[in-house]
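The block underneath contains the structure these notes are about, expressed in structure tokens.
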Amino acid sequence: MVWFREDLRLSDNPALHAAARQGRPVICLYIHMDGRNGERALGGASRWWLDKSLKALSRDIEKLGGQLTVRAGDGSACLDAVIEETGANAVYWNRRYGAVERETDATVKSRLKDRGTDAQSFNARLLVEPWVLKTGSGGFYKVFTPFWKALRGCYEAPAALPRPENLSGPTPDTLGIDELSLHPKSPDWSTGFDAMWQPGETGAHDRLKAFLDGPVDAYPSERDIPGKEDGTSGLSPHLRFGEIGPAQIWRATRAAMESGRVSEDSGWKFLSEIAWREFSYVLLYNRPDFADANYNSDFNHMPWRTDKSALKAWQTGRTGYPIVDAGMRQLWATGWMHNRVRMIVASFLTKHLLLHWRDGEAWFWDTLVDADPASNPASWQWTAGSGADAAPYFRVFNPITQGEKFDANGSYVRQWVPEISDLPDKYLHAPWTADKQALSKANVRLGENYPEPIVEHKAARERALGAYETLKSQRANA
């Protein structure tokens, strides 16, 4: 039996390959355990993706003569039930790295072995297991650049594992995927997702191929331009659900570099972003409370504010800062946000509004299709200043100049904030600076059809820096 979790693919899947290699019938099992055993429940956008990804996996398995058996409930109890029904004498799976997940898997493995069932786990999710790379002093890496240098210097992708040729086997009773109620209803807020995404292994490889066939060449310069549709790979949700593995991306990119199709600079820049995900998993593995607690405990003294109306304005894209609002609206409409804009909106929440990074991390967890248990908190803590290798506390992104620099022609803001689309470029990222004639001509009525800024940039920056000074003084007196 192969127990699928965050590895929803058939090719280059170590657990599935090991099972198929035994030459015995294979049972493909997915257990929906969302929120059970202390695990973090998936957010709404991730549930939407999972629904489509499971259906794609099920179709792929059926083409090979098999069945994806779906159960819901406690993982150990469901495994026991399927073993009892089928007589399976071995269970294989790929590892997870959160503390609760590791504890669950260790308990399951111990129980299976005690009853005489072969239980084996494999790495399908990372290039290198998070306990492998060590610093000179023997600890884990807490700074990305030396981690990336070490990884790049030692990693060689293993040979690709082929997709099984046949997956016929027992077909125990199964739930229909629709019975898991993963797709949103009443209302269905996901209507904009289908146009952007093709969940599943095929969609993942199509994305990778399309990216390596051209857009990757401009990646170092265009990855920061949110209005550039193919400036990034769009692979993050596929990685999140294991529809493609990082080793597959590494192999394909290196092959393109070696053949001359992709430049060295572009290829390595792209792979360094894959490595940031790896670094995030090192942090999660060593700090299991990463999504809840400050990595840097000094930030326990940070005087965060509580402001429900400001949080709501940020969540709904009504802050009065166009680049921030564009990002938050893109997130709601598509389940994704451009990486540069993620940094801008995160800085705005934690520094302009002085709201806790956990508020932002929780919102992203619910609304991102690529909400990852390691990358999401790592990125939020990096921006807030509380994380490993964090951005310096005094870095407060200016949403006006960030918009002018990275959305110079205004295409991104005009797409997502159409009510100000007729403003000239020079006013687009700061509508309140426009004169009455320009506002009237563009049909922009500040405070009516587009909000006034909910906070003034200079004052907000000074407040944030003052809060960090308070943090330092409290730390000194602690």
Fill in the blank from the handout: Expected output for segment 296-321 (first residue more than 17 Å from Pro377 (Cα to Cα) and in the same structural domain as Arg358 (by TED's automatic domain parsing), partner at pLDDT below 95 and surrounded by 16 or more Cβ atoms within 10 Å (Cβ to Cβ), Cβ below 6 Å, 6+ apart or cross-chain) is His301/Leu471; Met302/Leu471; Pro303/Ala467
Practice task
From (1) touching a helix residue (DSSP H, G or I) at 6+ places or on another chain (Cβ under 8 Å); (2) surrounded by fewer than 20 Cβ atoms within 10 Å (Cβ to Cβ), pick out the condition that doesn't hold for Tyr141.
Solution key: (2)
Problem - Of all residues in segment 1-40 being within 25 Å of Leu182 (Cα to Cα) and modelled with pLDDT under 95, the one that is surrounded by the most Cβ atoms within 10 Å (Cβ to Cβ) - result: Met33
Exercise for the section: For segment 400-410, state whether one or more residues are more than 30 Å from Ser375 (Cβ to Cβ) and of a type in the set (Gly, Ala, Ser). Expected result: no
Exercise for the section: Determine which member of the set Pro237, Pro226, Pro215 is crowded, with 16+ Cβ neighbours inside 10 Å, within 27 Å of Lys63 (Cβ to Cβ) and assigned by TED's automatic domain parsing to the domain that holds Ile249. Expected result: Pro237
Practice task
Working only within segment 314-338, note down all residues that are of a type in the set (A, V, I, L, M, F, W, C) and either surrounded by fewer than 21 Cβ atoms within 10 Å (Cβ to Cβ) or on the phi > 0 side of the Ramachandran plot (or both).
Solution key: Trp332, Ala333
Problem - Residue that is among the acidic types (Asp, Glu), in contact with a Lys or Arg (Cβ under 7 Å, 6 or more places away or on another chain) and either within 20 Å of Pro453 (Cα to Cα) or at pLDDT 95 or above (or both), where the choices are Asp389, Asp370, Asp366, Asp407 - result: Asp370
Problem - Subset of segment 275-332 [assigned to a helix (DSSP H, G or I) and among the aromatic types (Phe, Trp, Tyr)] - result: Trp276, Phe279, Tyr281, Tyr285, Phe299, Trp314, Trp332
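The values are calculated or read from the model by the stated rules, or taken from the named source; none is laboratory data. No experiment lies behind these values; they were computed from the predicted model shown. So basically every Cβ, Gly included, is an ideal-geometry build from the backbone, and we count neighbours across all protein chains shown.
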